[in-house]
Amino acid sequence: MSQLDDNLMEKIVSLCKRRGFVFQGSEIYGGLAGTYDWGHFGLALKNNLKQSWWKKFVDNRRDMYGLDAAILMNAKIWEASGHVAGFSDPTEDGKQFNVMFKTSIGAGEEAAISYLRPETAQGIFVNFKNTIDAFHPKLPFGIAQIGKAFRNEIAPRDFLFRQREFEQMEVEYFVKSTDWEKYFEYWRDEMLSWMEEVGLNMGKIHETEISDQDRAHYSKRTIDFEFDFPFGKKELFGLAYRTDFDLKNHKLEYIDEDPPAGGGEKIVPHVIEPSLGVDRAVLALLLSAYTEDEKNGEVRTFLKLKPGMAPVICAVSPLLKNKPQLVEYANAKVFALLKEEFGRVAWDDNGNIGKRYRRQDEIGTPFCIVVDFDTLEDDTVTVRDRDSGAQERVKVTDLKKYIKERI
Ligand code: GAP
């Protein structure tokens, strides 16, 4: 491990707090293990990741249906899915501990036991019939969902890696039983292509075939996509062949309108499940983007995020915040223009220019735009590039085009 890796996690955690990405949950009361609160910039990064997933796997496809199911579901669902009986981890002394969060619904003796969902997948399975009745899809088709999941992890650890409350992005892709191998390979490629698109360090991604005894109770084949985290090579995402396990247990079926033999045939589709943890994706992306370089003996830290993922696309600054002409120009003629176009634009007039650059570098802002006295004369601004530190004069009227071309 390089020197950078030695305390990389500490550096990431501290950057996340300092720059308003992620805070320890319940911090002023001493914290609550395995929970984190998302600040403005972390939330922006997380939303960018989720939106790129949704765009690729829902909006850009014809065979996918979105869903946002309730987190609280009838406890019978978790009995049928096998989670009540089998979703356990061994405790330190070897006793099995079910990691589902139990809760009670309603008042007094009438109260019913339920669970906070430990995976978003079951919300999808129990809406299989609703989806068919509403949209009449032909096989193969998928249902996609992004949402919170909860697990009472015995030992939450490693920042966003193992939490008790986290988010998942899951697709349940329904296929004919004979087609599962083909679509397993297809989803493996799709997952890899999304990972590359968002800017994960592909050199740190490894595929591991999960052995029979280590697979979840519902899976006949699982590949884990592992990532070289500073605390070891660990599961980032999973791809599972869930067979017809879930639909069968929920007694759900599909009518194949044109089977080879003709007529309508009732079948239970099989399921391929690409399952991605949002929080682990954010952590792996931060680790992929974290960069240090040295200029004039000083270490500079920056997040080399793709502009599409960066919380802020560009920051606008008046060179001096006590010069009203500069502030007014920067605000009315530059900030307003770019904010309207790109949305994720920051106003930064705090401290001197060097400090502002360092702050924006740590947020991962690809471009810093400075309005100075020359601007008042010739309507040009300085645009500084995050990665190279190079500066260019650009006409205010060309700014939108300049940034668009580079993102
Ligand atoms: N529906 C399948 C399923 O839930 P899983 O491998 O248990 O499979 C899927 O979880 C993904 O959810 C993992 O690959 C990981 O990215 C994320 N995940 C699971 N447990 C987590 C935890 N405690 N904290 C953060 N992310 C977690």
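Details
- Of the trypsin sites (Lys or Arg not before Pro) in segment 122-192, those whose Cβ has at most 12 other Cβ within 10 Å and which sit in DSSP loop: 138
- Contour minus Cα-Cα distance for residue 109 and residue 300 (0.36 nm per residue): 62.7 nm
- Here the simple spin-label model places points 7 Å from the Cα toward Cβ, and for residue 37 and residue 56 these points are separated by 3.2 nm.
- The value obtained for segment 1-141, namely the Cα convex hull volume divided by the number of residues, is 244 Å³ per residue.
- Per-residue surface analysis assigns residue 258 an accessible area of about 100 Å², computed on protein heavy atoms at 1.4 Å probe radius.
- Computed over the alpha-carbon atoms, segment 312-406 gives an Rg to Rh ratio of 0.91, Rh here being the Kirkwood radius from the mean inverse distance.
- Helical content of the chain, expressed as a calculated mean residue ellipticity at 222 nm, amounts to -8500 deg cm²/dmol (DSSP H runs of 4 or more residues, -39,500 (n - 2.57) each, divided by residue number, nearest 500).
- Segment 139-173 versus segment 310-366: alpha-carbon centroid distance in Å: 36 Å
- Length gained on full extension, residue 265 to residue 292: 3.7 nm, using 0.36 nm per residue less the C-alpha separation.
- Highest-fluctuation residue, 273, 377, 119 considered, GNM on the chain with Cα pairs under 10 Å: 377
- Just checking the listed ones, 329, 36, 290: in the Gaussian network model of the chain with Cα springs under 10 Å, the one fluctuating most is 329.
- Taking the chain and dividing mean pair separation by its residue count, relative contact order in percent (alpha carbons under 8 Å, at least six apart): 13 percent
- Summarised as an ellipsoid, the chain has semi-axes of 45, 25, 20 Å, derived from the eigenvalues of the Cα gyration tensor scaled by 5 and square-rooted, with the largest first.
- Charge dipole (the chain, unit charges on Cβ, about Cα centre) - positive-most of 111, 58, 26: 26
- Between residue 157 and residue 134, full extension at 0.36 nm per residue minus the direct alpha carbon distance yields a gain of 4.1 nm.
- Segment 192-265: chymotrypsin sites (Phe, Trp or Tyr not before Pro) falling in loop per DSSP and having at most 14 other Cβ within 10 Å: 231
- DSSP-defined antiparallel bridges as percent of all bridges, segment 312-406, nearest 5: 55 percent
- Whether segment 209-367 is rounded, prolate or oblate, judged on the alpha carbon gyration tensor where a/c under 1.5 counts as rounded: oblate
- Computed log10 I(q)/I(0) for segment 168-282 at 0.09, 0.22 Å⁻¹: -0.29, -1.24, from the Debye equation with unit scatterers placed on every C-alpha and solvent omitted.
The values are calculated or read from the model by the stated rules, or taken from the named source; none is laboratory data. If you're wondering where the values come from, they're calculated on a predicted model, not measured in any experiment. Virtual Cβ from ideal backbone geometry, glycine too; neighbours counted across all protein chains shown. These accessible areas exclude ligands, DNA and RNA; they are computed on the full protein's heavy atoms, side chains included. Shrake-Rupley method; radii C 1.70, N 1.55, O 1.52, S 1.80 Å.
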